[in-house]
Amino acid sequence: MNSAVIVLAAGRGERLGGNTPKAFAHLGGKSLLARALEGLLSFPGFGWVQPVVSADDLDRYAALALPRDRRLAEPAIGGAERQDSVAAGLAALPGEFDLVAIHDAARCRVEPGDVAAVVQAGEEYGAAILAAPVRDTLKQVDNGVVISTLDRRACWQAQTPQVFHRALYAEALEKARSDGFLGTDDAQLVERLGMGVHVVPGSPGNFKITLPEDLALAERLLLAEENAR
Ligand code: C5P
């Protein structure tokens, strides 16, 4: 199949603080978005890499030092919700790409081996995600009181990339739109069609940068990697 990846960077990332939108925040002197794009371009299986940014950030995007690679497309303009941004990215993909990966720029440390594994599973099964088993015991809480303890062995934390046959994902997105449903990831939309989503174990280092402490942790990991070289 012909694979493309949509790289979502149109959120504000308010929980990170500061004035810069999250995807343009710096980690070791380089923006999260530039890092994510470089990581994805290093996977030769993607024939098209589609960034999605906010209309307010086009100047910021133009100022990034990005690899010269004919697979890197002009950015699509994102929407108010993450799901709107995915739809904009999907609409920008040429018709020949029939396998679509969707990735959050905020997971800027994704490893090429994990990308290859989830793309292969997506092609084989129609829908696949990277996910990490949870380490903590999970409590379901209502109004500050525990209602139940979930079976930890059955719980995984969803990551990205999430990879789908394009026609299947387009159908899932259309159903979500007509139902007025907003998901927190893309697999959820496909699950609503009753389709099985295959889980590929991802690295714990593929965490999403959300809070200032996530950025601080990523900086420490980067420094440790540089010192180890
Ligand atoms: O806010 P959160 O970290 O969950 O966002 C996940 C990813 O989705 C981020 O990379 C963010 O830039 C992107 N996003 C988007 N358009 C939105 C909201 C979020 O592209 N409207």
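The test for being charged (D, E, K, R), within 19 Å of the chain's Cα centre (by Cα), modelled with pLDDT of 95 or more and open to solvent by 30 Å² or more (accessible area, probe 1.4 Å) holds for residue 123. Given the criteria more than 27 Å from residue 212 (Cβ to Cβ) and either touching an Asp or Glu at 6+ places or on another chain (Cβ under 9 Å) or among the polar types (S, T, N, Q) (or both), does residue 42 qualify? Yes, satisfied. Reported count of residues in the range 183-213, each being without any contact (Cβ under 8 Å) to a residue 60 or more places away in the chain and either within 24 Å of residue 113 (Cβ to Cβ) or among the aromatic types (Phe, Trp, Tyr) (or both), is 1. Confirm whether residue 137 is hydroxyl-bearing (Ser, Thr, Tyr) and not in a strand (DSSP E or B). Criteria met by residue 137.
Surrounded by fewer than 20 Cβ atoms within 10 Å (Cβ to Cβ) and more than 23 Å from residue 126 (Cα to Cα): is that true of residue 28 in this structure? The answer is yes for residue 28.
Pairs linking a residue in the range 103-129 that is of a type in the set (Val, Ile, Thr) to a residue that is in a loop (DSSP other than H, G, I, E, B) and within 16 Å of the ligand (Cβ to nearest atom), with Cβ atoms under 6 Å and 6 or more positions apart or on different chains, are 110/206. In the range 9-38, of all residues being away from the ligand (no atom under 11 Å from the Cβ) and farther than 17 Å from residue 214 by Cβ, the one that is modelled with the lowest pLDDT corresponds to 19. Considering (1) open to solvent by 80 Å² or more (accessible area, probe 1.4 Å); (2) more than 16 Å from the ligand (Cβ to nearest atom); (3) at pLDDT 95 or above; (4) in a helix (DSSP H, G or I), the lone condition that residue 153 does not fulfil carries the number (3). For the range 59-89, a tally of residues being open to solvent by 40 Å² or more (accessible area, probe 1.4 Å) and near the ligand (Cβ under 8 Å from one of its atoms) returns 4.
Are any residues in the range 1-22 open to solvent by less than 40 Å² (accessible area, probe 1.4 Å) and within 16 Å of residue 93 (Cα to Cα), and if so, which ones? Residues satisfying the conditions are 3, 4, 5, 6, 7, 8. The conditions of being assigned to a helix (DSSP H, G or I) and farther than 23 Å from residue 216 by Cβ are not met by residue 146. Among the candidates 187, 228, the residue that is within 14 Å of the chain's Cα centre (by Cα) and hydrophobic (A, V, I, L, M, F, W, C) is uniquely 187.
The values are calculated or read from the model by the stated rules, or taken from the named source; none is laboratory data. Here the structure is a predicted model, which is why all the values come from computation and not from measurement. Neighbour counts run over all protein chains shown; Cβ positions are idealised from the backbone, glycine included. Protein only, heavy atoms only, side chains kept; ligands, DNA and RNA dropped before computing areas. Shrake-Rupley method; radii C 1.70, N 1.55, O 1.52, S 1.80 Å.
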